[in-house]
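Quick notes on the structure that follows.
The values are calculated or read from the model by the stated rules, or taken from the named source; none is laboratory data. Just so it is clear, the structure is predicted and the values come from calculations on it, not from any experiment. Cβ atoms come from the backbone with ideal geometry, glycine included; neighbour counts cover every protein chain shown.
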Amino acid sequence: MHGCGNDFIVFDDEQDRFSWDELSQLARRYCPRRFGVGADGLIAIGRHPGADYEMRYVNADGSRAEMCGNGIRCVGKFVGDELGDIRSHIKVMTGNGVLPISLSRLAGKVDSITVGMGVPGLKAASIPTTLKPISEPVLATELAVDGTILSLTAVNMGNPHAVSFVDSITDQLVLGIGPQVEKHPVFPEGVNVEFVQVLAPENLRMRVWERGVGETWACGTGACATVVAAVLNGHSRPGSDVTVKLNGGKLIINWPGEGKDVQMTGPAEFVYHGFLGLD
């Protein structure tokens, strides 16, 4: 499946067959694009007593991720179209807690998914980062990387993000600077890196270097972090629907302001069905 080009191996693990270590092994084996199925990550959909479903997500390199915005939209479409769940509202347990999902249908198929992505973490301790004291937000804070001075705003959307607003998004920034920021010592657990061009208050262009994956065509939590950072820096207005244009499509993000949930709306698609021989 994919959400705006961010693609995943998705399967129903109702019987909880696989441990986290086994999911990591599966991801490392089958996510490489020339030697396996090819995907940015792997999603196992299970059941949880505190929610309708559980999403366990592993990056392509086998590392465990707390959340994935494009991935959770794929979960919504999977349970609606593949598992036959006819409800319009479900709850999914993630590494970032239980998140509410609304499913919109067209001709009986899930057409659009809206996810309540939770309240963003803004203090340095929640990222985590040493760019600021632990109780302070990281807002437009400078970081020198390979001779380039970046202005970073850090946001946690269940996973950590560093957002930089730039005049022009270049390969040198995304592919050259991005991986260095991901592994920079000021981010002890690594970080996803977004480079953003403000086209208008309700129209942003974003490319992302994802922690544990590399550049991906989309990042749902990254789009949410981008709009949060845009509101905090005065580029966008709180409570407005903001279109974030990604390499693989568009997402609509709305953040009313501090202490409020971020709402993300976008599509998810099946690419193909198949079977893996787990020998």
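Out of the strands (runs of 3 or more DSSP E) lying entirely within segment 214-279, which hold 3 or more residues that are assigned by TED's automatic domain parsing to the domain that holds residue 26 and touching a residue at least 24 places away in the same chain (Cβ under 8 Å)? Before you say what the answer is, go through the steps one by one.
Numbers: elements: 214-216, 241-246, 249-254, 263-266.
Here the list is empty.
Can you pull out the strands (runs of 3 or more DSSP E) entirely within segment 1-77 that have at least 3 residues that are among the small types (Gly, Ala, Ser)? Give the derivation first.
Working: elements: 6-12, 41-48, 51-59.
So the answer is 41-48.
Hey, residue 275 hits all of (1) at pLDDT 95 or above; (2) surrounded by fewer than 20 Cβ atoms within 10 Å (Cβ to Cβ); (3) of a type outside the set (S, T, N, Q) but one; which does it fall short on?
Result: residue 275 fails condition (1) only.
What is the residue count in segment 28-46 for residues that are over 17 Å from residue 271 (Cβ atoms) and either buried (at least 23 other Cβ atoms within 10 Å of the Cβ) or of a type outside the set (Lys, Arg) (or both)?
Count: 3.
On the basis of being closer than 20 Å to residue 69 by Cβ, buried (at least 21 other Cβ atoms within 10 Å of the Cβ) and not charged (D, E, K, R), does residue 178 make the cut? Break it down into steps so the answer makes sense when it comes.
Numbers: closer than 20 Å to residue 69 by Cβ: yes; buried (at least 21 other Cβ atoms within 10 Å of the Cβ): yes; not charged (D, E, K, R): yes.
It is true that residue 178 is closer than 20 Å to residue 69 by Cβ, buried (at least 21 other Cβ atoms within 10 Å of the Cβ) and not charged (D, E, K, R).
State which residue is nearest to residue 121 (Cα to Cα) when the search covers only segment 146-162 and only residues that are buried (at least 18 other Cβ atoms within 10 Å of the Cβ) and among the β-branched types (Val, Ile, Thr). Please lay out each step first, then the result.
Taking segment 146-162 as the starting set, the residues that turn out to be buried (at least 18 other Cβ atoms within 10 Å of the Cβ) are 150, 152-162.
Those left that are additionally among the β-branched types (Val, Ile, Thr): 153, 155.
Working: 153: 12, 155: 6 Å.
Looking at the filtered set, the residue picked out is 155.
Residues are listed down the side, and each one gets a yes or a no for (1) in a strand (DSSP E or B); (2) more than 18 Å from the chain's Cα centre (by Cα); (3) of a type in the set (Lys, Arg):
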| position | (1), (2), (3) |
| --- | --- |
| 149 | yes, yes, no |
| 155 | yes, no, no |
| 163 | yes, no, no |
| 172 | no, yes, no |
| 175 | no, yes, no |
